[in-house]
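Colleague: Handing you a structure now.
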Amino acid sequence: MKIAVRLFMFCWVFVTIGSHTSLLAQNRYQSTWESLKEYQTPDWFKDAKFGIFIHWGVYSVPAFKSEWYPRLMYQPGTDEFKHHAATYGTQDKFGYKDFIPQFKAEKFDADAWATLFKKAGAKYVVPVAEHHDGFAMYKTALSKWNAAEMGPGRDIIGLLSTAIRKQEMVFGLSSHRIEHWFFMNGGRSFNSDVNDPTYADFYGPAREENETPSPEYMNDWLMRCTELVNKYQPQLFWFDWWIEQPAMDPYRKTFASYYYNKGLEWNKGVVLNYKNVSYPDGAAVLDIERGKLTGIRLLPWQTDDAVGFKSWGYIPNEEYKSAKYLITNLIDIVSKNGNLLLNIGPKADGTIPEEQQQLLLSMGKWLDVNGEAIYGTRPWKIFGEGPTEVIGGSFGDAKMKPFTAQDIRFTTKDKNLYAITLDIPTAPIAIQSLSLQANNGIVAKVELVGSTEKVVWQQKADALIIQAAKQYPSVNAATYKISFK
């Protein structure tokens, strides 16, 4: 019966996609790379610059080392495996499923979360709808293993979508469903509840990572993704790395065309995030995990980073990044035509740790003063100048050197140039890119954003020299607004 229902739903998805594609065909996307490359990133995303990512799920109950606990607790020899057996009992007696009743989310308040994100200056919010562990944080017709029927007993994604839109932020979500194909496979190698057929619909397939996903599994992935689109109308849909499997090629194209056409129906611009090479340039928006680019990218892109160095989900001994780290990295990313999607990890009870709240509020406080140099801006001729070298690529967050006041980043808006120092200057600033000999324009006026103090400056042959202010209106970075003759 289940197979028949799934086949019917799968056929319905493709029939629906086909009928939608035939409607106003000249304006609609086809499931081909040629058609998908006609995609244009919407202005809301290019203007937003800053969003919040939320990793929250059953893994916040054990809260040990990282959100990959459900995988590593089934890998003999790992710290997670040893911790689990010592704390909860052997994996055949107490498995990952047994954490679900403890995931109560009793203090979860979607409106309070959304209010915090608004104060942080975020323009869009992206909760994880389903992580690698296979537990859906929303009410789904495709699995009983979801937050509406188990654990919290509520449709978390639905509640967040309402609260976020109420605060006039854009709602998005992420799906990591495809990674579940292999995620629990460690439990196959020894006596664990992963091998119990009673729980096959939760732990399975638990196959090897080098095995090609079955058509049935990829069809299920497609159905879950389209269900999320239809139920919650997210304006951003984020995928992790494993959708890049070659066998997923037709499914990737089918989903993208379906989603983009839904955006046309809603009359709202939508964004599809991918990593590595899952989509060709221009067909979707590139996302770089815990890393950055070294220069300006002509196409919009995004960094997904976390407030902590260790985990995406909540752990009690997290090593948090500083407010300066987060603020200056946001500035650097924006100067290169990117957005920052900054992740938090709430506790199992639904509270956001105080350290995370303070980091978000610090960002909001800086953006309250300097947001005009961030929101709605576009890159200048060059992203900036200064002595600190940026490491390009993914997973470079722990290797980043702190920026200095001599590191300058540029953004533009309304014919104005913003020069942002990536620390608070205590000595005169010399901006070589605005020297007379650089031939980038004759400066007419320099203002310190957020301040009424008169700025003392002089454009010389070798640099624009700006004297340090007596008092700066914000900490961690200072913004100068420059107009030209």
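The values are calculated or read from the model by the stated rules, or taken from the named source; none is laboratory data. As the structure is a computational prediction, the values presented were derived from the model and not from experiment. We place every Cβ from the backbone using ideal geometry, glycine too, and count neighbours over all the protein chains shown. Each accessible area value is taken on the protein alone, full model and side chains, heavy atoms only, with ligands, DNA and RNA left out. Shrake-Rupley method; radii C 1.70, N 1.55, O 1.52, S 1.80 Å.
Colleague: Can you list which of the trypsin sites (Lys or Arg not before Pro) found in segment 374-449 are DSSP loop residues with at most 15 other C-beta atoms within 10 Å? Present the calculation step by step, with values, prior to reporting the outcome.
Modeller: Working: sites: 381, 399, 409, 413, 415, 445; in loops: 381, 415.
Passing sites in segment 374-449 are 381, 415.
Colleague: Relative to the present Cα-Cα distance, how much length would full extension add between residue 188 and residue 294 at 0.36 nm per residue of separation?
Modeller: Length gained between residue 188 and residue 294: 33.9 nm.
Colleague: Select from segment 363-396 those GluC sites (Glu not before Pro) which occupy a DSSP coil region and have at most 11 other Cβ atoms within 10 Å, ordered by residue number.
Modeller: Working: sites: 372, 385, 389; in loops: 389.
The qualifying sites are 389.
Colleague: Cα centroids of segment 329-381 and segment 223-298: how far apart, whole angstrom?
Modeller: Distance between centres, Cα-based: 22 Å.
Colleague: How large is the convex hull of the C-alpha atoms of the chain per residue, in Å³?
Modeller: With only Cα atoms used, the chain gives 148 Å³ per residue.
Colleague: Which cross-chain or sequence-distant (5 or more) residues have an amide H under 5 Å from the amide H of residue 339, H modelled 1.01 Å from N in plane?
Modeller: For residue 339, the qualifying residues are 301, 302, 303.
Colleague: Heavy atoms of the protein only, probe of 1.4 Å, neighbouring chains included. What is the accessible area of residue 475 in Å², nearest 10?
Modeller: Counting only protein heavy atoms, residue 475 exposes about 100 Å² to solvent.
Colleague: Determine which aspartates and glutamates satisfy two conditions relative to residue 37: a Cα distance under 18 Å, and not lying fewer than 8 residues away in the same chain.
Modeller: Partners within reach: 244, 249, 281, 287.
Colleague: Give the calculated FRET efficiency between residue 381 and residue 357 to the nearest 0.05, with a Förster radius of 45 Å applied to their Cβ-Cβ distance. Each step should come with its number before you reach the end.
Modeller: Working: r = 38 Å, r/R0 = 0.85.
About 0.75, to the nearest 0.05.
Colleague: Post the alpha-carbon centroid distance, segment 90-163 to segment 443-485, in whole angstrom.
Modeller: Comparing the Cα centres of segment 90-163 and segment 443-485, I get a distance of 46 Å.
Colleague: Sticking with this structure for a sec: State, in angstrom, two size descriptors of segment 249-404 derived from its alpha carbons: Rg to one decimal place and Dmax to the nearest whole number.
Modeller: 17.1, 48
Colleague: Still on this structure: Could you sort the peptides 315-327, 46-58 by per-residue average Cβ neighbour count (10 Å cutoff), highest mean leading?
Modeller: Ranked from most to least packed, the peptides come out as 46-58, 315-327.
Colleague: Now, a different point. As I understand it, the value is the acute angle between the Cα axis of helix 156-166 and the longest principal axis of the Cα atoms of the chain; what does it come to in degrees, rounded to 10?
Modeller: On a 0 to 90 degree scale, this one is about 30.
Colleague: State which entries of 118/275; 310/401; 104/262; 413/454 exceed 25 angstrom in Cα-Cα distance in the structure shown.
Modeller: Distance filter (> 25 Å) returns 118/275; 104/262.
Colleague: For the pair residue 455/residue 424, report the inter-label distance in nm, with labels modelled 7 Å from Cα in the Cβ direction.
Modeller: Going from the residue 455 label point to the residue 424 one covers 1.8 nm.
Colleague: Out of the DSSP beta bridges found with both residues in the chain, what percent are antiparallel (nearest 5)? Working shown, then result.
Modeller: Working: 28 of 62 bridges.
Around 45 percent of the beta bridges assigned by DSSP in the chain are antiparallel ones.
Colleague: Please sort by residue number the GluC sites (Glu not before Pro) in segment 202-291 whose DSSP state is loop and whose Cβ has at most 16 other Cβ atoms within 10 Å. Please list the in-between numbers first.
Modeller: On the way: sites: 208, 209, 211, 216, 227, 244, 265, 289; in loops: 208, 209, 211.
Those that pass, being in a loop and sparsely packed, are 208, 209, 211.
Colleague: So if I place +1 on the C-beta of Lys and Arg and -1 on the C-beta of Asp and Glu, and nothing else carries charge, what would the dipole magnitude of the chain be about its Cα centre? I want it in debye, nearest 20.
Modeller: That gives a dipole near 1340 debye.
Colleague: For segment 153-246, what are the per-bin percents of Cα-Cα distances with bins 5 Å wide, up to the bin holding the maximum?
Modeller: P(r) for segment 153-246, in whole percents per bin: 2, 12, 19, 18, 16, 14, 10, 6, 2, 1.
Colleague: Got a sec? Which residues in segment 103-132 would a label at residue 168 touch, if it sits 7 Å along Cα→Cβ and we count backbone N under 11 Å?
Modeller: None, by backbone N distance to the label point.
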